[in-house]
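Handing you this structure, nothing more for now.
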Amino acid sequence: MIIIIIPFLSKLLNPRASPKNNMFNNTYNFLFGSTSSGKLVNERTAMQTTAVYACVRILAETLASLPLHTYKRTDKGKEKALDHPLYYLLHDEPNPEMTSFVFRETLMGHLLLWGNAYSQIIRDGRGKITALYPLMPDNMSVNRSDKGEIYYSYKKEGQEYLLRNYEVLHIPGLGFDGLVGYSPIAMAKNAIGMAIATEEYGAKFFNNGANPGGVLEHPAILKDPAKVRDSWNSVYGGSGNAHKVAVLEEGMSFKPIGIPPEQAQFLQTRKFQLNEIARIFRIPPHLIGDLERATFSNIENQSIEFVKYTLTPWLSRWEMVLNKALLSPNEKKDYFFKLNVEGLLRGDYKTRMEGYSIGIQNGFLSPNDVRELENMNTIEHGDVYAVNGNMLKLEDIGAYANKQNGGEE
């Protein structure tokens, strides 16, 4: 159950220049609805398209599976702030009903579909954060009071709840004003609508026996043509009746009409729409099952590019919002949140070992550093940083050569 903190001062009820994120009754509504293909596209119908579902799932599950740690800045860099109350909240259990994985997967799904993710921040009497609960984006609107303060209006079961800006964790996607993000689904509704239309066409094609529609011709006048048509459909309609041998009586003949799918480039259109949707979410096609252009030589590079150019901007967006919304002004000086992607950037075993060897020989990795990266326990005397001693500075090369030659010039 979501705990809602009820309305605050009535002076906030006089908005000015309000940013809006309600799906209805505002200028944002024109982005949704019917498309050029005639199909209704919204967040829920879009998820019935396999490509959209796959793109949302790969991004939501990947972000949710990354370790989320709270760090404290130190003289030597940083260390995990295991004693900070937000460490357990974000790393393990944001609320009694959800794990951290489910919580982040849910919010990331909202962000990818609606362009915004909202979570209510529950605090105790001392202002300490005790829980985070996701809120549905289509029930939320963002407003600005007459004094310029951002506040949130959440509708649930016919009742409206008002929340101050410090009571909501709001992660906006790409938007026009920097305050409210716009839905990728709404922005690309025509591309997704075409994917839905081609999928429905294919389903109906097989439902009709994998044959185009046609005309039954009779040399005479039929008294009840509807009965003949219904009888034909009941026997030969549907994919289960495909390729049955038709028996025609009284000189009747069947003439198919319509454009065969191969001539209409049906399969090519479906494939193009898959890549089009992958382009919307910036997902490499091989991650959603299109292996046509994937090879053993490029698939690893494509996976690394996915982390660098697709996932990293989302991680930065998450980290900055978490720092802004969950840390007090004093805490921001010493603490920060980090989603770690090192595991996703690791190469194969041989490549990793070669990289570790270079790091140990050049003094920027210790054996224990490597063991931690490989999820192994540390060992005694494993924190030593050593450098290969066979290398000399350029300016010492001449002196070294003179010494070797007995001091002769």
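The values are calculated or read from the model by the stated rules, or taken from the named source; none is laboratory data. Predicted, not measured: the structure shown is a model, and the values here were computed from it. As a convention, Cβ positions derive from the backbone with ideal geometry for all residues, glycine included, and neighbour counts pool all protein chains shown. Ligands, DNA and RNA are excluded from the accessible area calculation, which covers all protein heavy atoms including side chains. Shrake-Rupley method; radii C 1.70, N 1.55, O 1.52, S 1.80 Å.
Taking 0.36 nm per residue of sequence separation and subtracting the Cα-Cα distance, how much length would be gained by fully extending the chain between residue 299 and residue 353, in nm to one decimal?
Gain on extension, residue 299 to residue 353, equals 17.4 nm.
What is the set of long-range amide H partners of residue 135 at a cut-off below 5 Å, with H atoms built 1.01 Å from backbone N?
Here the answer is 118, 119, 120, since their amide H atoms fall under 5 Å of that of residue 135.
Same structure, new question: Highest mean first, how do 65-74, 280-289 rank when packing is the count of other Cβ atoms within 10 Å averaged over residues?
The densest-packed peptide leads the list: 280-289, 65-74.
Can I ask one more? Got a sec to turn the phi values of the range 327-341 into Karplus ³J(HN,Hα) couplings, 6.51 cos²θ - 1.76 cosθ + 1.60 with θ = phi - 60°, whole Hz, x for Gly and Pro?
9, 6, x, 6, 5, 4, 6, 10, 10, 7, 10, 9, 9, 8, 10
Compute, for residue 144, the solvent-accessible surface of its heavy atoms (probe 1.4 Å) with the complete set of protein chains present, and express it in square angstrom to the nearest 10.
60
Residue-wise, which Karplus ³J(HN,Hα) couplings in Hz belong to the range 69-83, taking 6.51 cos²θ - 1.76 cosθ + 1.60, θ = phi - 60°, and x for glycine or proline?
Couplings: 10, 9, 10, 10, 6, 10, 5, 9, x, 8, 8, 5, 8, 5, 8 Hz.
Beyond 20 Å between alpha-carbons counts as too far, so tell me which of 271/308; 308/338; 78/332; 80/308; 72/332; 76/333 fall in that bin.
271/308; 80/308, as the Cα separations exceed 20 Å there.
Take each of the peptides 272-278, 110-116, 321-327, average the number of other beta-carbon atoms within 10 Å over its residues, and list them starting from the highest.
110-116, 272-278, 321-327
Let me ask something else. Going by amide H atoms built from the backbone, whose H comes under 5 Å of the H on residue 156, apart from near neighbours?
Residues meeting the criterion, in which the H sits 1.01 Å from N, are 161.
Compute, for residue 384, the solvent-accessible surface of its heavy atoms (probe 1.4 Å) with the complete set of protein chains present, and express it in square angstrom to the nearest 10.
Near enough 90 Å² of accessible area.
How much accessible surface area, in Å² rounded to 10, belongs to the heavy atoms of residue 309 with a 1.4 Å probe?
Rounded to the nearest 10, that gives 120 Å².
With each pseudo-label sitting 7 Å past Cα toward Cβ, what's the residue 74-residue 330 distance in nm, one decimal?
2.3
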